[in-house]
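Participant: Next up is a structure, given as structure tokens.
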Amino acid sequence: MSSLVDQLINDNLIPLKPYESARRLYAGGQDWLNANESPFANHYDVDSSHFNRYPSCQPDGVINGYAAYAGVEKGQLMVTRGADEGIELLIRTFCTPGEDSILICPPTYGMYAISAETCNIGVKKVPLKADFSLDVEGICSNNDVNVVFICAPNNPTGTQVARQDLDTVLRHFTDKALVVVDEAYIEFDADNTWANKLADYPNLVILRTLSKAFALAGLRCGFTIANDDVIAALMKVIAPYPIPDPVAQIAAEALSKENIGRLHAQVDILNAEKARLTEALSAFEEFEMVGDTKANYVLFRYAGCKALMAYLVERGMLIRDQSKQLNLENCLRVTIGSPEQDDRLLQLINDYFSQTGASK
Ligand SMILES: *Cc1c(COP(=O)(O)O)cnc(C)c1O
């Protein structure tokens, strides 16, 4: 039968492998500091009285709540099955397979390229500069791309994007391409959002998610924010019932005034914990902190990263190896966990160095 699959599968899919998500890489584990999830598991109740009905395509409670939270109009917003679905819809709506391309700036989030490749869309790469700032000139020399993806704060470098640079890119592509600013981590650096700038840039698109600061990765709920005409085009492509009813109920509840207050309190805790973890990791002579800490993770370089990673994984402490990414040789990324998890990580690293004889 596999010969039938070989015969029928789309040519562009042959070289691809399933995405190595944090969940797929390690089935076991005790401390999950590898997927930038929140350590807080908040309680929600669900009402099953309408589960016999199809849900609304864009549930009012979710749209109203998120529009108010983000400070945009309802027509400038679309809710999706995670921000990842937003990425795919942008590519499917605005790029023609076999003809068009997107532009990405590695090292960055992996799903832009993966979504493009599964849709047979080209991927142009303009690497970030050595300090992880945008290569604005390099980006603007690509005039034959349809969608430019910029992650801010960037995953996995934790760096923010200079306002002036993004402004230049948006203006350069005004009549040429959409510029997508992925704000998956914006709650950890809230002053730098672009969501209040839609009126200035017709080609600006913003991605958001409930998976990170909102502590709802298991929900699969994200948002695309853009001017009305961009949202109207995306609505042609989105599935009729993308948001399951229980997801809509929980998302609407997460967006209540009270729960937004809780979100801010949890972000404050994580930012304080991030400062503590950054300081503690910096104290290891062998580690070089890399990038910045504008999101809920820290990145560091260590020549023995493979052995350290194996040591931690064996003890159920899961962090993320980023060493295959461009310019991130020997780099490991750690998600900020609970104080207990972060303490355990630091203890394990101490143990590792005393056992291997390496000095602190
Ligand atoms: C986690 C992440 C996403 C995906 O968010 P989901 O809503 O869980 O699909 C998108 N972009 C970046 C940069 C991320 O790190």
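The values are calculated or read from the model by the stated rules, or taken from the named source; none is laboratory data. Note that the structure is a prediction, hence the values are computed from the model and not measured. Counting neighbours? That spans all protein chains shown, and the Cβs are built from the backbone with ideal geometry, glycine included.
Participant: Restricting attention to the range 126-158, which residues are under 21 Å from Gly98 (Cα atoms), within 16 Å of the ligand (Cβ to nearest atom) and of a type outside the set (Val, Ile, Thr)?
Facilitator: First, the residues of the range 126-158 that are under 21 Å from Gly98 (Cα atoms): 126, 142-149.
If we keep only those that are within 16 Å of the ligand (Cβ to nearest atom) as well, we get 147-149.
Scanning the range 126-158 gives a single hit, Phe149.
Participant: Please state which of the following conditions Pro18 fails to meet, knowing it meets all the rest: (1) outside the structural domain of Ser211 (by TED's automatic domain parsing); (2) free of Cβ contacts under 8 Å to residues at least 12 places away in the same chain; (3) of a type outside the set (D, E, K, R); (4) buried (at least 18 other Cβ atoms within 10 Å of the Cβ).
Facilitator: (4)
Participant: Give the number of residues within the range 21-43 that are surrounded by 12 or more Cβ atoms within 10 Å (Cβ to Cβ) and in contact with a Leu (Cβ under 9 Å, 6 or more places away or on another chain).
Facilitator: Residues meeting the conditions: 13.
Participant: Among (1) more than 30 Å from Tyr44 (Cβ to Cβ); (2) part of a loop (DSSP other than H, G, I, E, B); (3) not hydroxyl-bearing (Ser, Thr, Tyr), there is one condition Ala215 misses while meeting the rest; what is its number?
Facilitator: Evaluating Ala215 over (1) more than 30 Å from Tyr44 (Cβ to Cβ); (2) part of a loop (DSSP other than H, G, I, E, B); (3) not hydroxyl-bearing (Ser, Thr, Tyr) leaves (1) as the failure.
Participant: Can you tell me which of Ser56, Ser38, Ser21, Ser49 is within 30 Å of Phe300 (Cβ to Cβ) and at pLDDT 95 or above?
Facilitator: Numbers: Ser56 fails: within 30 Å of Phe300 (Cβ to Cβ); Ser21 fails: at pLDDT 95 or above; Ser49 fails: within 30 Å of Phe300 (Cβ to Cβ).
None of the others qualify; the one that does is Ser38.
Participant: Okay, moving on. Is there any pair linking a residue in the range 212-223 that is hydrophobic (A, V, I, L, M, F, W, C) to one that is more than 9 Å from the ligand (Cβ to nearest atom) and at pLDDT below 95, with Cβ under 9 Å and at least six apart or on different chains, and which?
Facilitator: Pairs found: none.
Participant: Name every residue in the range 205-239 that is more than 15 Å from the ligand (Cβ to nearest atom) and either within 16 Å of the chain's Cα centre (by Cα) or closer than 18 Å to Tyr69 by Cβ (or both), in order of residue number.
Facilitator: Ala226, Ile231
Participant: Only one residue in Asn296, Asn327 is surrounded by fewer than 16 Cβ atoms within 10 Å (Cβ to Cβ), within 21 Å of Val161 (Cα to Cα), at pLDDT 95 or above and in contact with a Leu (Cβ under 8 Å, 6 or more places away or on another chain), so which one is that?
Facilitator: Working: Asn296 fails: surrounded by fewer than 16 Cβ atoms within 10 Å (Cβ to Cβ).
So the residue among Asn296, Asn327 that is surrounded by fewer than 16 Cβ atoms within 10 Å (Cβ to Cβ), within 21 Å of Val161 (Cα to Cα), at pLDDT 95 or above and in contact with a Leu (Cβ under 8 Å, 6 or more places away or on another chain) is Asn327.
Participant: Still on this structure, please answer the following. Whether any residue in the range 110-125 is within 22 Å of Gln164 (Cα to Cα) and either in the same structural domain as Thr174 (by TED's automatic domain parsing) or within 16 Å of the ligand (Cβ to nearest atom) (or both) is what I want to check. Quick ask: steps written out before the conclusion?
Facilitator: Narrowing the range 110-125 to residues within 22 Å of Gln164 (Cα to Cα): 125.
This time we only want the ones that are either in the same structural domain as Thr174 (by TED's automatic domain parsing) or within 16 Å of the ligand (Cβ to nearest atom) (or both), so: 125.
For the range 110-125, residues within 22 Å of Gln164 (Cα to Cα) and either in the same structural domain as Thr174 (by TED's automatic domain parsing) or within 16 Å of the ligand (Cβ to nearest atom) (or both): present.
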